[in-house]
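Below is one structure, written out as structure tokens; comments come after it.
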Amino acid sequence: MMLVFLAVIIATLVPSSCDAFSASGRRGSSIINGGGGRFRSEGVIRMVDDGDAGINVPLDDTTLLPPPTITKIDDDEENSQTTPPNTVFTATPITITPTSKFIAAASPITTATSKRNQTKVNSATLRFNNRLNQLAKNWDDSTAPKAEALLLDALENYQLHLKQEEQDGTSSPSSEYTKKNNNMIIPNTISFTNAITAWARCTRKDSAKHAQALLDQMLHLYSSPKNNIDGKWDHVKPNKISYNSVITAWARSNERGSARKAEELLRNMYDFYNNDSGLDIHCKPDARSFNAVINAVARSRDKNCADRAKFLLDEMGRLYNEGDDDLLPDALTFGAIINAYANSLEKGASDKAAQLLMHMESLYSMGFEEAKPTTFVYNACLNAFAKDPLICVKNETQEGDGGGNSTLSLNRAEKAEQLLDSMEKRYNEEKDWRIKPDIISYSTVINAHANSGTVNSGVNADGILRRMLHRYLMGDTKCRPNAIVFTAAIKAHSTSIDATLSLDNSEEEEDEASKLLKQQQIKASAKRCEDLLQELCLLYQLPGNDRSLKPTSVTFELVTGALTLAEDWEGVKRITALREEGMTQRD
């Protein structure tokens, strides 16, 4: 049966009557040449100095929270605050104490058995913190309330104990009885942070509010002069892990305005570090703090969210240049901002996305491995090209051949194809799976050609489809075809027909030969739409194939519309019969 599947794929590779075109000779060329501003390749304004040797590892808090990741852009994350259009985006810069010299690395303090706390924490507190740590590892809607209840009960008992000490006159800045009493649970920074982490991983809608409330309680106990007399509550002082856990909770929240709250918390974190913590390195925001906030802002779908996220990225660069070696964005951070530009649907957003990609390439070329573009980043930039409202507008790009530069005029779809060329070439040279093109890469470029709406959209889309199918036949399972990529190719041929008809309407006087040629082009494109649908239906009906190959109603409607424009009424009848058969074959 696999042989039949491969036979259908091979049939797709055979050119049809409408594919009289030559392969593009642009493979491997750069899509960005001489962008504007700080991303110009001749003199990029770097976030790092050429002499910097490497990237410092952030504080190890893997036992509490994993690094923030980007998986899927959620449509329901939005904010009500917007910036008026056509205005310059401004924001308040994050400030740090100028006299402070940041330490590149800090000793880990994350677990209950940390050396930093080992001599100050009794055995009951250690057991209690380990129990909270285990609870914090669960991803559900019931564990976090249990962890918080345990923490608050222990906190209440400890407060009663302190009150009793005051009444007995035995209270002191560091009560020796309390420290030596192994049966007394003394909630500390780790206790609160574990409970906050549990809320950050909780699936309830109000999880971020609960995490924020626990952080506020820590700040109240530690910072209030009325409560923290003689340093009685120094052991609940928030650290960067406490703040990062709450920021992550807001970043994961679907609540309206959550991205703004994550931004505000980052600034509060800097205020606490500068003013209240005495420049304690364990309270200083790190790359994880920024990355979580940038991800939250970029995913918010708020107006100008991409520019807000870009501003925070620039802040990381400024602080890095001022001496904070811990602040270096990773590929996921760049990818989140590029994705935000793609989803913004703003005119020219793809150019901003391409500039960010170029900046990543610049950082990676200087030795920063974490900034290396990945498949996710490339796909996000391809998506920005495909969704740009100016996709049909051509602009100039420079292409050198070693003996000089020549100016080409390319639309966004052609730039997307050039980026895919570069992606393929780079993978073939480096064999790095992190930059390997997948079906999303190819389907996005095909969709870009479909959105471009030119007379060559279908031809160009067929070229990309054949490249993808060739990779699949050579054993690349990440390029396995599905209904989405076939539908995008059909859409490209359908838009080619529309473009051809619009050219026909714009010509008042046209000879019969030209009219006949255009009719033949329309019929050939419509026939290609039908052929692609027939192949997709055959693949879907083969036993053992997944439902990702099932044609949708949109697929059938596109083909029917194309055949109608071509006045192929017999073809319309065939598609109608195929739809009745195909939609009931495996339902």
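Sort W433, W139 from largest to smallest accessible area, using a 1.4 Å probe on the heavy atoms of the protein chains.
Values: W433 195, W139 145 Å².
Ranked from most to least accessible, the order is W433, W139.
Our estimate of slack between Y364 and N182, defined as 0.36 nm per intervening residue step minus the Cα-Cα distance, is 60.4 nm. Computed on the stretch 194-341, the Cα convex hull volume stands at 108 Å³ per residue. Taking amide H positions as modeled 1.01 Å from N, with prolines and chain starts lacking one, the residues under 5 Å from K436 and 5 or more places away or on another chain are T375.
Lys/Arg Cβ at +1, Asp/Glu Cβ at -1, dipole of the stretch 473-582 taken about the Cα centre: which of T564, L549, C529 is farthest positive-ward? Sorting the options by dipole projection puts first L549. Using heavy atoms of the protein chains and a probe of 1.4 Å, the accessible area assigned to K518 is about 40 Å².
Given a 1.4 Å probe and every protein chain left where it sits, what share in percent of the accessible area of the stretch 428-517 is carbon and sulfur?
Numbers: 2180 of 4170 Å².
Of all accessible area on the stretch 428-517, carbon and sulfur atoms account for 52 percent.
Once the chain from A149 to E255 is taken as fully extended at 0.36 nm per residue, the excess over their C-alpha distance is 35.8 nm. A simple spin-label model places the labels of S514 and E166 9.3 nm from each other, with each point 7 Å out along Cα-to-Cβ. Sorted largest first, the spans of the alpha carbon positions of the stretch 433-574 along the three principal axes are 54, 35, 21 Å.
Could you order W569, W250 by accessible surface area, starting with the largest, using a probe radius of 1.4 Å? It would help to have the intermediate numbers written out before the result.
Numbers: W569 145, W250 10 Å².
Accessible-area ranking of W569, W250, largest first: W569, W250.
Rounded to whole numbers, the Karplus 3J(HN,Hα) couplings from phi for the stretch 212-221 are 5, 5, 5, 5, 4, 5, 4, 5, 5, 5 Hz, using 6.51 cos²θ - 1.76 cosθ + 1.60 with θ = phi - 60°, and x at Gly and Pro. Coupling constants for the stretch 458-466 follow from the phi torsions by the Karplus curve (6.51 cos²θ - 1.76 cosθ + 1.60, θ = phi - 60°), and in residue order they are x, 4, 5, 5, 4, x, 5, 4, 5 Hz; glycine and proline get x.
Here R204 and E156 are evaluated by their C-beta separation; at R0 = 25 Å the FRET efficiency comes out at 0.60. Among V459, V297, the order of accessible area from largest down is V459, V297, computed with a 1.4 Å probe on protein heavy atoms.
Between L473 and N130, what is the FRET efficiency for a Förster distance of 41 Å, r being their Cβ-Cβ separation, to the nearest 0.05? Write down the numbers at each step before the final one.
On the way: r = 53 Å, r/R0 = 1.30.
The calculated FRET efficiency here is 0.15.
Extending 7 Å from Cα along the Cβ direction at L390 and again at A577 yields two label points whose distance is 5.0 nm. Model label sites at K431 and R318, defined 7 Å from Cα along the beta-carbon direction, differ in position by 4.5 nm.
The values are calculated or read from the model by the stated rules, or taken from the named source; none is laboratory data. Predicted model only: the values in this text are computed from it and were never measured. Every residue, glycine among them, receives a Cβ derived from its backbone with ideal geometry; neighbour counts consider all protein chains shown. Just so you know, the surface numbers come from the protein's heavy atoms only, side chains and all, with ligands and any DNA or RNA stripped out. Shrake-Rupley method; radii C 1.70, N 1.55, O 1.52, S 1.80 Å.
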